[in-house]
Amino acid sequence: MTPTYTTEDIKRISAHFGQTPKQFKDQWLKFDKKEKDWQNKIQPCQFLNLRDHKCSIYEIRPLDCSGFPHLPKKKMVDYIHVHKQNIEYCPATYAMVEKMQKMLGV
């Protein structure tokens, strides 16, 4: 799974790195023709610190990330497949689920 980047996300994040939007897209993103949006070139996200599972651009992260897990958009049962994929591909989500299970005694 990868977040999608809006035009505003790209402008904001590229400015943070001192790049033009084109330079940022060339370095970090690819355009998914099927989904018709900009996504990370690599997974897990290049901005995820794999040592501490924290986002290195948290303050300026994409809208898609700030809205995660998107529960207000759909019923959980309609979106559970995305959470399952995130657990499989995203170390931060996996660590979060492990902590939740520990807290719940599951």
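Return the residue satisfying two criteria in turn: it lies in segment 1-46 and is among the acidic types (Asp, Glu) and closer than 16 Å to LEU63 by Cα, and of such residues it is surrounded by the fewest Cβ atoms within 10 Å (Cβ to Cβ). Taking the candidates together, the pick is GLU8. Identify all residues within segment 34-54 that are of a type in the set (S, T, N, Q) and modelled with pLDDT of 90 or more; write none if there are none. Residues satisfying the conditions are GLN39, ASN40, GLN46. When segment 9-60 is filtered for residues that are farther than 18 Å from ALA92 by Cα and touching a residue at least 40 places away in the same chain (Cβ under 8 Å), the ones remaining, listed by number, are ASP9, ARG12, ILE13, HIS16. Residues that are at pLDDT below 95 and not in a loop (DSSP other than H, G, I, E, B) are absent from segment 12-30.
At pLDDT below 90 and under 16 Å from the mean Cα position of the chain (by Cα): is that true of VAL82 in this structure? Considered against the rule, which asks whether it is at pLDDT below 90 and under 16 Å from the mean Cα position of the chain (by Cα), VAL82 comes out as yes.
The values are calculated or read from the model by the stated rules, or taken from the named source; none is laboratory data. Computed from a predicted structure; not experimentally measured. Cβ atoms come from the backbone with ideal geometry, glycine included; neighbour counts cover every protein chain shown.
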